[in-house]
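Just so it is clear, none of the values below were taken in a lab; they were calculated from the coordinates. Computed from a predicted model, the values in this text were never measured in an experiment. Note: ideal-geometry Cβ built from the backbone for every residue, glycine included; neighbour counts use all protein chains shown.
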């Protein structure tokens, strides 16, 4: 069977399937559950300096199996109350990546130090939530902002830093380049795509906040394109995100240049059993296409695309 182990931001992962932030990461029990179900690592819910209740319902709209639109508003218990959840996940043996969000570089730096003290293996910076006012894309939507925030976190923490970037800008690869130059160990690409749904009978947006973020299979081509373009410009590893629900989806991301992939909407639709199913499926698929490991697939489509065409 093909070897699924990958190395990401200094971490050795048993497989390339990582629980994405925002889905199933609210508690230590759920993080441990995803790990025990076969995840290669788990990312916590994005945690801020103080508790946030998030937006009122309705916050989610689903579209059969092809997508999910959400505007949760970054609800979280705050950094003071969350360490006990991380401790529970770590007791289960999980490789935990702590996700943090802030309103500026100073807040990110302060949160990084506090998150590091919980024993997480790495930090993921939420620079890309498309609907939380004063956070996410609003503070991480330009290369200058990404460079400032990543640099501040690097100075405040010894942990590997993963910058989660937005597709809702002119050129996401510029954000990845800025993150690498500021010292990021990896980038996560992408967060959700800004979207809107309207209830024509109520004559108003479906979600209470109005605008939300679209995830799921509908955005896979967007995520793949971003990973492809980012891989042209950076040397650090990429975590591909967006619409991974089958082993073939995952292999597409790896071949585009991602080292690992994150699962979010697939977990919401199929539960945490999806980790074991996709790991088994990817191993079989790698064997089928003649690859000995997940590492051997990384960037393979890029190499093939650059190869000269054979003569008839």
### Task
Report P(r) for the range 96-157: all Cα-Cα distances, bin width 5 Å, range 0 to the bin holding the largest distance, values in whole percent.
4, 21, 31, 25, 14, 5, 0
### Query
Tell me, how many Å apart are the Cα centres for the range 240-312 and for the range 99-146?
28
#### Entry: Packing-based ranking, highest mean first, of 117-124, 67-74 given that Cβ atoms within 10 Å are counted
67-74, 117-124
### Message
How are the alpha carbon pair distances in the range 196-312 distributed across 5 Å bins from zero to the largest one, expressed in percent?
### Response
2, 11, 18, 18, 16, 12, 8, 6, 5, 3, 1, 0, 0
### Task
Quickly work out the residue 289-to-residue 81 label distance, labels modelled 7 Å from Cα along the C-beta direction, and quote it in nm with one decimal.
4.5
## Note on the structure
Taking alpha-carbon centroids only, the range 161-185 lies from the range 16-80 a number of Å equal to 22
### Query
Does the chain classify as rounded, prolate or oblate by the C-alpha gyration tensor (a ≥ b ≥ c root eigenvalues; a/c under 1.5 gives rounded; else a/b over b/c gives prolate, otherwise oblate)?
rounded
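Would you please calculate the Kirkwood hydrodynamic radius of the range 41-163 over all C-alpha pairs and express it in Å, rounded to one decimal?
Values: mean 1/r = 0.0670 Å⁻¹.
Taking every pair of different Cα atoms in the range 41-163, averaging 1/r and inverting gives 14.9 Å.
Go ahead and run the numbers for FRET between residue 300 and residue 88, Cβ-Cβ distance against an R0 of 41 Å, rounding to 0.05.
That gives a FRET efficiency of 0.60.
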### Message
Which of 108, 17 has the fewest other C-beta atoms within 10 Å, and how do the rest follow up to the most?
### Response
108, 17
### Task
Would you work out if the range 1-99 is rounded, prolate or oblate? Take a ≥ b ≥ c from the square roots of the eigenvalues of the alpha-carbon gyration tensor; rounded if a/c is under 1.5, else prolate when a/b is larger than b/c, oblate otherwise.
oblate
### Query
Ranked by Cβ crowding within 10 angstrom, fewest neighbours first, how are 220, 164, 45 ordered?
220, 45, 164
### Query
What list do you get for 24, 66 if you sort them by fewest beta carbons within 10 Å?
66, 24
### Task
Label the range 116-200 by shape, choosing from rounded, prolate and oblate, from the square roots a ≥ b ≥ c of the eigenvalues of the Cα gyration tensor; if a/c is under 1.5 it is rounded, and otherwise prolate applies when a/b is larger than b/c, oblate when it is not.
prolate
